[in-house]
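Quick notes on the structure that follows.
What follows is calculated from the coordinates using simple rules that are stated; it is not laboratory data. Remember, predicted model here, so these are calculated numbers, not experimental data. All Cβ positions, even for glycine, are placed from backbone atoms using ideal geometry, and neighbour counts span all protein chains on display.
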Amino acid sequence: MGIWVAVVLVSAISAVLFFKMVAKRSIVRGRTPLSLEDIHGTVKDDVSFGVFSEVWAILGKAYSVDPMLLRPTDTFQALGKVDSWALGSGEDAMEDWLRKSGLGAPPQLHTLLEFATWVQSSRASSAASA
């Protein structure tokens, strides 16, 4: 009986890890890493490089994805598919970062660029009111 429980447990863990890997690859499939400077160049009129690089680093760490593979048009829905296999740890990490940064909860945002511009505008609003 104990051997069957161990076999089922190992199989379940293997399946979760496999599907997490498949979900992560689906987001970055066919992409080559680009420097953050190159990625930022496409959105330099929307967000400063400082905020952009900070947000990309946080997103990469939270969702265990190389930041140089993330693109401004990527969606939180796509990252959520990866995160669902990690039991929401990426979302939890983002909430912790937002709380520690004093930014509060963001509105409904779809793309990573929308998130970065929200971070920038929220910080600008906080600085202006201080």
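Classify the stretch 36-130 from the C-alpha gyration tensor, please: rounded if a/c falls under 1.5, else prolate or oblate depending on whether a/b exceeds b/c.
Working: a/c = 1.92, a/b = 1.20, b/c = 1.60.
Oblate is the answer for the stretch 36-130, as a/c is 1.5 or above yet b/c matches or exceeds a/b.
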Computed label-point distance, nm, for sites S35 and A128 using a 7 Å Cα→Cβ extension: 3.3 nm
